[in-house]
Every structure is written in C-alpha cells, then in structure tokens.
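Take a look at the structure below.
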Amino acid sequence: MDVRVIAFARVRELVGFGERVIDVTAGATPASVWASLETAAGELVGLRASTRFAVNGALVAGDAALADGDELALLPPVGGG
Amino acid sequence: MDVRVIAFARVRELVGFGERVIDVTAGATPASVWASLETAAGELVGLRASTRFAVNGALVAGDAALADGDELALLPPVGGG
Amino acid sequence: MLVAAYIGLTSEPLELGALIAHVRTNACGAIVTFLGVARETSAGDERPVDGLSYEAYATTALPEMQKIAEEAEARFGPIGIALVHRTGALALGEASIAIAVAAPHRGPAFDACEYAIDEVKKRVDVWKREHYTDGATSWRANA
Amino acid sequence: MLVAAYIGLTSEPLELGALIAHVRTNACGAIVTFLGVARETSAGDERPVDGLSYEAYATTALPEMQKIAEEAEARFGPIGIALVHRTGALALGEASIAIAVAAPHRGPAFDACEYAIDEVKKRVDVWKREHYTDGATSWRANA
C-alpha cells in the first residue's frame, strides 16, 4: 500500500526529500516507516525521540496502523514565532 | 505683576479662557489666583481639591510664591491614553 | 538599544508604521505595539459616543512621556520606545495613543509597552472629552 | 467581538495594518500587536545571522493557530484576533510572525496577544533555519 511521507526541517534534509510516496507492507506503522528511513540515513537515529508523527493531520503514536493513501508527516521540534 | 494663567478641560470651560495674562499683586500664589477665579466662576469650588498647579512646567503647592512673568497652569485629573 | 526615545503630541492621525520604524533595529527580536482607540461607549456610561477630543499641556506632558520612556528602559531595557499621543478631534475607531517597543526578546517588549500605557494614563497631562450622539459632552478622567 | 479569527501562513512580507483592519471594531478600546523579527544573533550563539528561513506544515499549523486563537478568546474575550506566520526566506529585520488583538480594554488585549505568541512558539508546526554570515545554516528549535 502507498503512504505519502512528508518531512520537515532537519529530518527533511536527512531523508533527502520533502514529500515522497512510499510503498509499505500491510501492518506498517509510523515507527516502521521511520526505521526503514533510518537504514538509509543513519543520522536520523538521534532524532527519533524528538520527532512527532501525524497521520492525515492528526498526531498519532509510533505504533498506529497506517492505511493505504495516508499522509504521514515527520515533525521535528518546532521553531516558529 | 503679570502671570500667564493656562487652563484645561473642565477648568478651562468654567474660567472661560484657555490662556490669559492676569495682573496679580506681589505675594500672589496659585491658591490666591484660584480663589480670585472662583469669585467669577463658582463651580470651580468643587474642583479645587482635584486640580494641580504647575508653574513654568513644574508642579508646585498652592502656597508657592509667584513671580512676574510666570506661567501658572491649572491641571485637572488626567484622561489621556 | 535605546538611542533616543521618540516622543510626541500630534493633531494628525497616528501612524503605527512610523513609530515602528523609529524603534526597529537589527538587535531586536520582538516589537510590541499598543493603540488606544476611541470606543462607542465608555466604562460605566451607556450613552453612545460619536467622537472624542483630547487636549494636552505640552509643557508638562512631553517631559513626563520622556520620563516614562526612560523608566521603561531602566526597568525592562535594552529597548527602543516610541510614544505619541493624539490631540484634537477624533472619530470613533481612531487611535488616541500609539506606543511601539522593540526589544531583544518578547517578555520585556510586552512589559515595557504595558508599563508605558499604564503610566501615561496616570501621569501625563492630557484630557479627554467624550461627545455623545445626543450632542452632550463630558470630560472623562481616568479611574 | 470575535467574528472570525484571521489566521494565515504566507510567503509575502507581513503587513500589520492588514491584521489590525481585521480585528478593529467600534467596540474595541485597545489594540495590541506583536511582531517577531529576525535578529542578527540568536540566544546562546554568537555567530552573526544574515537571514532566516521558515517552513510550515499547513495541514497541522493552521488548525493549531485557529485553536490558539479560540483559546485566547475563551480566556480573555471578547477579543478580535489575527495571527499570520511568514514562510520562506527572510532578511534581517523582517517579521516572521504578526499578531493583532483588539479588545474593549487593554489588559485582556495584552494578555491575549502574549498568550498567542507563547503558544505559537510551543505548538505550531513551523521550523526555523538560521543562515550565518559564514555560509553555515542551522535549524533552531524553540527552547
């Protein structure tokens, strides 16, 4: 199934994209997607604890179930204002 | 001697002028000038306690000595901002 | 950061942009402004207001405004501060006072701006007359 | 007084006058505004900054800004509030965020404006990158 992954700030730079559709297996979660990204970008490991996940605009836990067509956003600590 | 009297707001309306040079006797004070104004505008009596006096821009007590050429300002409670 | 406070009385409409231009520097991270605006009713009085007029004694008002700016700098500085009061006739919705404060961080900018308006309302020789829709007027002192 | 909060993200320079026009009514006696401005140095870092860039996730940022506006209204209302964050590249001295709050009296206007900026800095999905004069850059989270 397809999940649209959106990344911001330092996470975006490390994964190398701002937005990408990723083909994941059934049962995938934000944590499992993150883990697969870590294999390609090792520096992500240190950012896991501070990164929040949102699915279709709502914050979710790392073990939430992803569905086909979901938009998964990887959200680092904010710096606006 | 001449004193320039400046009046504001309700006090200005009651005395009937915003600025006037008044000939006062030696020994005149802000309080004595006020008292003379009260004889012409009785409603001033109720405003005496809340009105401050300034001479040449500095706040003074009612019994301060006035000198020839002084500017005496009659300052009601403020309402700016 | 306080080069010189920008203090004024004017019968012209107040322009916040001009005040901000005076206080803004590359060292400031926060700019807080305050506008006092002529309201359609006054506290504790139900008569509809259709305009205000202000008069000021510049001889004492300007030095007192300068003093308030310096106090704000001493308490919350470094800041840049601009403080201008309108005089004459104002329509509803027009600003009677404009204050702008620039500071490295937002806490002191808010504190200094609020300090300045609080002190102006207590100490500066400016007087307000309300004009009601029935033609009556009343001088209103601050509480 | 809160008809509708005016919330936005924009890559265009922020115009305080537009925000004020949105919140101003004849019932308001006080308008407080806040501008966050790009500074030449960042707290705890001495490298000179020559620009900033911001990115935002509008999907979560806009609803969170709306929620903050509604919280401010619930706590300090009646108020009118406008809240716009800049995105993209900013030069030194440009504003990254503009907030305007109108209220009948100044206390709630100051409180609501300060509440809004405090909460935006904690909760809204916007990220800042500092660009230093030596060509380096760094993503800076709020403390």
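The values are calculated or read from the model by the stated rules, or taken from the named source; none is laboratory data. Since this is a predicted model, take the numbers as computed values, not measurements. Virtual Cβ from ideal backbone geometry, glycine too; neighbours counted across all protein chains shown.
Say we look at the range D:28-42 and pick out the residues that are over 13 Å from the mean Cα position of the chain (by Cα) and assigned to a strand (DSSP E or B); which of these is farthest from the other protein chains (Cβ to nearest Cβ)?
Going through the qualifying residues, I end up with D:SER42.
Please go through the range D:105-143 and give me each residue that is under 17 Å from the mean Cα position of the chain (by Cα) and among the small types (Gly, Ala, Ser), ordered by number. Walk me through it before giving the result.
Filtering the range D:105-143 down to residues under 17 Å from the mean Cα position of the chain (by Cα) leaves D:109-129, D:140-143.
Correct list: D:ALA109, D:ALA112, D:ALA116, D:ALA141, D:ALA143.
Out of all the residues in the range B:42-64, is one or more modelled with pLDDT of 95 or more, in a loop (DSSP other than H, G, I, E, B) and acidic (Asp, Glu)?
Yes, the conditions are met somewhere in the range B:42-64.
Checking B:GLY81 against (1) at negative phi; (2) buried (at least 20 other Cβ atoms within 10 Å of the Cβ); (3) without any contact (Cβ under 8 Å) to a residue 24 or more places away in the chain; (4) of a type in the set (Gly, Ala, Ser): exactly one of these is not met. Which one?
With respect to (1) at negative phi; (2) buried (at least 20 other Cβ atoms within 10 Å of the Cβ); (3) without any contact (Cβ under 8 Å) to a residue 24 or more places away in the chain; (4) of a type in the set (Gly, Ala, Ser), B:GLY81 is out only on (1).
So, in the range B:15-24, how many residues would count as being more than 12 Å from the chain's Cα centre (by Cα) and either part of a helix (DSSP H, G or I) or modelled with pLDDT under 95 (or both)?
0
Looking at the range D:66-79, which of its residues are surrounded by 19 or more Cβ atoms within 10 Å (Cβ to Cβ) and under 15 Å from the mean Cα position of the chain (by Cα)?
Scanning the range D:66-79 gives D:ILE68, D:ALA69, D:ALA72.
Can you find even one residue in the range C:55-65 that is of a type in the set (A, V, I, L, M, F, W, C), surrounded by fewer than 20 Cβ atoms within 10 Å (Cβ to Cβ) and at pLDDT below 95?
The answer is no, given that none of the residues of the range C:55-65 is of a type in the set (A, V, I, L, M, F, W, C), surrounded by fewer than 20 Cβ atoms within 10 Å (Cβ to Cβ) and at pLDDT below 95.
Output the number of the condition that D:GLY44 fails; it satisfies all remaining conditions of (1) closer than 23 Å to C:ASP111 by Cα; (2) in contact with a Leu (Cβ under 9 Å, 6 or more places away or on another chain); (3) modelled with pLDDT under 95.
(2)
Could you please find all residues in the range D:46-78 being away from chain C (no Cβ under 13 Å), outside any helix (DSSP H, G or I) and not aromatic (Phe, Trp, Tyr)?
D:GLU46, D:ARG47, D:SER53, D:GLU55, D:ALA56, D:GLY77
Part of a helix (DSSP H, G or I), charged (D, E, K, R) and more than 10 Å from chain D (Cβ to nearest Cβ), is that true of C:GLU12?
Against the criterion (part of a helix (DSSP H, G or I), charged (D, E, K, R) and more than 10 Å from chain D (Cβ to nearest Cβ)), C:GLU12 does not qualify.
From the list D:GLY88, D:GLY93, which one is on the phi > 0 side of the Ramachandran plot and within 14 Å of chain A (Cβ to nearest Cβ)?
Result: D:GLY88 is the single residue among D:GLY88, D:GLY93 that is on the phi > 0 side of the Ramachandran plot and within 14 Å of chain A (Cβ to nearest Cβ).
Of the residues B:VAL5, B:VAL11, B:VAL15, which is closer than 27 Å to C:LYS128 by Cβ and within 11 Å of another protein chain (Cβ to nearest Cβ)?
Being closer than 27 Å to C:LYS128 by Cβ and within 11 Å of another protein chain (Cβ to nearest Cβ) holds for just one of B:VAL5, B:VAL11, B:VAL15, which is B:VAL11.
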